[in-house]
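The values are calculated or read from the model by the stated rules, or taken from the named source; none is laboratory data. Here the structure is a predicted model, which means the values were calculated and not measured. A quick note on method: Cβ atoms are made from the backbone with ideal geometry, for glycine too, and the neighbour counts reach across all protein chains shown.
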């Protein structure tokens with residue numbers, strides 16, 4: 001908590017249902033949470049990590065569909081009274097992601113990610129075409145565009161109604177197993193990177209410019225959890 005509240009414009013507040021769970025708050029709005037890994041997860045050699053969640057209308061039905069599509073349900077579905085229901089799944093290549101059905105339905109109109117919000121979600125996988133078919137069937141995600149990355153191959157961007165949510169690509173053999181990586185929008189990426197380094201984090205790539213003029217940096221926090229930073233070209 002001490003690390004991220006100095007890198008991103010976040011505050012924290014106690015979770016409503018579990019004193020061990022702390023909420024990340026951005027502009028007075030909860031955007032995620034943090035908790036210590038349980039003994040069960042430690043026994044399964046689960047390392048510190050970020051887990052993005054996808055908003056779904058029916059977590060039970062969606063979890064059942066995961067298995068039909070070749071994925072697996074690793075945890076849940078569970079219900080948290082007055083909060084919502086959730087499960088953790090892996091896709092057909094083993095990348096882990098969460099499903100979340102809030103108790104109170106939320107508006108789904110798109111608004112561009114603001115400072116301190118998660119602005120991009122990226123999947124490094126074994127076969128991005130097969131992965132996209134899985135997520136298209138599960139969430140209705142659509143192709144928005146593609147980009148040639150040279151030796152790295154194709155960067156495939158997905159979203160809905162023409163609005164990109166993130167990208168997918170085939171990982172190199174020397175990269176970690178298939179995984180999702182989330183990007184935090186910051187105003188000053190160089191300042192955020194400097195803060196990360198001073199606080200014990202690591203910067204693995206960047207800051208660097210990507211097509212369109214935005215700046216990104218691929219990082220990890222002091223406990224090794226991967227996270228990325230993103231500054232939008234104004």
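Here are some notes:
- Members of the stretch 47-64 that are loosely packed, with under 13 Cβ neighbours inside 10 Å and modelled with pLDDT under 95: 47, 57
- When residues in the stretch 182-195 are screened for being crowded, with 20+ Cβ neighbours inside 10 Å and part of a strand (DSSP E or B), 3 of them pass.
- Output for the stretch 206-234, where each listed residue is more than 18 Å from the chain's Cα centre (by Cα) and surrounded by fewer than 13 Cβ atoms within 10 Å (Cβ to Cβ): 208, 209, 211, 212, 213, 233, 234
- Test: residue in the stretch 148-159 that is on the phi > 0 side of the Ramachandran plot, touching a strand residue (DSSP E or B) at 6+ places or on another chain (Cβ under 6 Å) and surrounded by fewer than 15 Cβ atoms within 10 Å (Cβ to Cβ): yes
- When each of 133, 146, 151 is tested for being at pLDDT 95 or above and either in the same structural domain as residue 54 (by TED's automatic domain parsing) or more than 18 Å from the chain's Cα centre (by Cα) (or both), the lone residue that passes is 133.
- Residue that is nearest to residue 158 (Cα to Cα) [pool: residues in the stretch 177-206 that are touching a helix residue (DSSP H, G or I) at 6+ places or on another chain (Cβ under 7 Å) and touching a residue at least 24 places away in the same chain (Cβ under 8 Å)]: 186
- Criterion violated by residue 6 - all others in (1) farther than 20 Å from residue 230 by Cβ; (2) in contact with a helix residue (DSSP H, G or I) (Cβ under 7 Å, 6 or more places away or on another chain); (3) surrounded by fewer than 16 Cβ atoms within 10 Å (Cβ to Cβ) satisfied: (1)
- Test: residue in the stretch 137-145 that is part of a helix (DSSP H, G or I) and surrounded by 19 or more Cβ atoms within 10 Å (Cβ to Cβ): yes
- Only a single criterion out of (1) in contact (Cβ under 8 Å) with a residue 12 or more places away in the chain; (2) loosely packed, with under 14 Cβ neighbours inside 10 Å; (3) more than 26 Å from residue 171 (Cα to Cα) is not satisfied by residue 77, namely (2).
- Residue match in the stretch 56-75 (condition: closer than 18 Å to residue 30 by Cα, touching a helix residue (DSSP H, G or I) at 6+ places or on another chain (Cβ under 7 Å) and not assigned by TED's automatic domain parsing to the domain that holds residue 223): yes
- The listed residues are 164, 178, 211, 173, and the only one of them that is within 19 Å of residue 91 (Cα to Cα) and either in the same structural domain as residue 47 (by TED's automatic domain parsing) or at pLDDT below 95 (or both) turns out to be 173.
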